[in-house]
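This is the structure I want to talk about, given as structure tokens.
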Amino acid sequence: MQPLPIEKYDELLAKKCQKLTALLAPFKAPALTVFASPPQHFRMRAEFRLWHDYSSNRDGDLYHIMFDKTTKRRYRVDRFPIATQLINRMMATILPLLKEREVLGKKLFQIDYLSTLSDQIIVSLLYHKTLTEEWQTAARALKVRLENQGFSVQIIGRAAKQKICLDQDFADEVLPVNGKNYVYRQVENSFTQPNAAVNCKMLEWAIDCTRGSRGDLLELYCGNGNFSIALAQNFRKVLATEIAKPSVAAAQFNIAANRVENVQIIRMSAEEFTQAMNGVRTFNRLKGVDLQAYECNTILVDPPRAGLDPDTVKLVRQYDRILYISCNPQTLCENLRTLSQTHRIERAALFDQFPYTDHMEAGVWLIRK
């Protein structure tokens, strides 16, 4: 693994700013507020394939690998400087322990790591074999050995049609936002923000944009309640939607853990909620939810890379204020072609969630003209 070009970080970030500024120029966006990332050890999760190398000795070697995007050739990864120091420590510690027990190392083809600022880590071991009672016994012994070395770790085994959690499949993150700590349950194999430091800045920016709001907030694509819980302080009530069951369950836990009493989560996709609001379909999941009790004049959307579908864009533009968080500025701009007909961009931001790549996370705060 080549060392990070830390000395070029500011230059690379400046190029992203220029690119996003140019993309937003047709919509008369104000100057960007830019939120930089730590230059290293910023990524909270990582996935690696495992390579079993028998070329040097009979017992063989076991190490992490990645693949070059251009040549598709594999290369060995012993250190991963974009990942947290906790992930790097676990990478170096766990492989020798896995090699000691054949039942743990044999047919192991991938390891996924999910770390937190609260110093908890989930390690998911993926296999091309059925996981037996012998594997579970060995995995429990592995967990104890890692805990004896100072790790707060959860071990999960995955194979075809199998998922074995030794204790639990989640870690509880603690994010400092404006001097207050927020608890967020993060579930293995579910979406979480990859860069916790930048996520905290993103939440602070969103809180600042919506400060002094009146009425209620509607949020689509709420995930585990990342924005909903932090923004609840600025609204009378928050109504949020999310389709993934694990994320909804985590959001419900997070609401209780943070003692937030004005947030309600509905398990629906943004498209389904749009259909419900437009009277196209009725949903049993909305039974007991009094949509008329909400006076939502602000909407928050954080869609996947594909952006908002046309029907959801029509729904979104009905609201006086729109907070749009985007992981793909290209589809953001496609949606802005419609939204800018009725709204103006009051504030715009660049969140450098993905340093040393071309990927950009953007935010725009739109007000009805």
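The values are calculated or read from the model by the stated rules, or taken from the named source; none is laboratory data. Keep in mind the model is a prediction, meaning the values are calculated, not measured. As a convention, Cβ positions derive from the backbone with ideal geometry for all residues, glycine included, and neighbour counts pool all protein chains shown. For accessibility, only protein heavy atoms count, side chains too; no ligands or nucleic acids. Shrake-Rupley method; radii C 1.70, N 1.55, O 1.52, S 1.80 Å.
By how many nm would the segment from Arg74 to Ser55 grow when fully extended, if each residue of separation counts as 0.36 nm and the alpha-carbon distance is taken off? Spell out each step's value before the answer.
Values: separation 19, 0.36 × 19 = 6.84 nm, distance 1.57 nm.
Taking 0.36 nm per residue and subtracting the Cα distance, the gain is 5.3 nm.
Right, something else. Ala25 to Gln168: FRET efficiency via 1/(1 + (r/R0)^6), r the Cβ-Cβ distance, R0 51 Å, to the nearest 0.05? Walk me through the intermediate numbers first.
On the way: r = 48 Å, r/R0 = 0.94.
Result of the calculation: an efficiency of 0.60.
Remind me, relative contact order of segment 5-133 in percent, using alpha carbon pairs under 8 angstrom and six or more residues apart?
Details: 154 pairs, mean separation 27.1, N = 129.
Relative contact order, segment 5-133: 21 percent.
Right, another one. Can you tell me the Rg and the Dmax, both Å, for the Cα atoms in segment 318-369?
So, for segment 318-369, Rg and Dmax equal 11.6, 37 Å respectively.
Taking 7 Å along the Cα-to-C-beta vector as the label spot, tell me the Gln330-Ile367 distance in nanometres, rounded to one decimal.
According to this spin-label approximation, the distance is 3.3 nm.
Okay, moving on. Find the accessible area per residue for the chain; the probe is 1.4 Å, ligands and nucleic acids are left out, and the unit is Å². Kindly include the intermediate steps, with their values, before the conclusion.
Details: 17740 Å² over 369 residues.
Counting only protein heavy atoms, the per-residue value for the chain is 48 Å².
If I fit a long axis through the Cα atoms of helix 196-210 and take the longest principal axis of the Cα atoms of the chain, what angle between them do I get, 0 to 90°, rounded to 10?
10
Once the Cα atoms of helix 133-148 and of the chain are each reduced to a long axis, what angle between those two axes, in degrees from 0 to 90 to the nearest 10, is obtained?
Compared with the principal axis, the helix lies near 80 degrees.
State which entries of Lys287/Lys314; Lys72/Lys201; Lys15/Lys180; Lys15/Lys72; Lys163/Lys314; Lys201/Lys237 exceed 29 angstrom in Cα-Cα distance in the structure shown. All intermediate terms of the calculation are to be shown ahead of the outcome.
On the way: Lys287/Lys314 24 Å; Lys72/Lys201 35 Å; Lys15/Lys180 33 Å; Lys15/Lys72 27 Å; Lys163/Lys314 41 Å; Lys201/Lys237 23 Å.
Violating the 29 Å limit, Cα to Cα: Lys72/Lys201; Lys15/Lys180; Lys163/Lys314.
How big is the equivalent ellipsoid of the chain along its three axes, where each semi-axis is √(5λ) from the Cα gyration tensor, reported in whole Å from largest to smallest?
Numbers: eigenvalues 312, 126, 65 Å².
Here the semi-axes work out to 40, 25, 18 Å.
Next up: By the scheme Lys and Arg +1, Asp and Glu -1, what is the net charge of all other residues having a beta-carbon under 9 Å from that of Leu62?
Numbers: positive: Lys99; negative: Asp53, Asp61.
For residues surrounding Leu62, the net value is -1.
Can you pull out the trypsin sites (Lys or Arg not before Pro) in segment 192-265 that DSSP calls coil and that have at most 10 other Cβ atoms within 10 Å?
Working: sites: Lys201, Arg211, Arg214, Arg236, Lys237, Arg259; in loops: Arg211, Arg214, Arg236, Lys237, Arg259.
Answer by residue number: Arg211, Arg259.
Then there is this: Give me the one-decimal nm value for the distance between modelled label points at Thr130 and Glu295, 7 Å along each residue's Cα-to-Cβ direction.
For the pair Thr130/Glu295, the computed spacing is 6.2 nm.
Right, another one. Under 1.5 on a/c is rounded, so check that first for segment 39-186, then, if it is not, pick prolate when a/b is larger than b/c and oblate when it is not; a ≥ b ≥ c are the square roots of the alpha carbon gyration tensor eigenvalues. Mind dumping the intermediate values first?
On the way: a/c = 1.92, a/b = 1.29, b/c = 1.49.
Oblate shape, in that a/c is at least 1.5 and b/c is the bigger or equal ratio.
Of the accessible area of the chain, with the probe set at 1.4 angstrom, what percent is carbon plus sulfur?
Numbers: 8510 of 17740 Å².
Solvent-exposed carbon and sulfur of the chain make up 48 percent of the total.
Expressed in nm to one decimal, what extension gain is obtained for the pair Asn148 and Glu261 from 0.36 nm per residue of sequence separation less their Cα-Cα distance? Mind dumping the intermediate values first?
Details: separation 113, 0.36 × 113 = 40.68 nm, distance 3.92 nm.
Answer, rounded to one decimal: 36.8 nm.
For the pair Arg214 and Tyr63, what calculated FRET efficiency results from E = 1/(1 + (r/R0)^6), where r is the Cβ-Cβ distance and R0 = 51 Å, to the nearest 0.05? Walk me through the intermediate numbers first.
Details: r = 57 Å, r/R0 = 1.11.
Given R0 = 51 Å and the Cβ-Cβ separation, E is 0.35.
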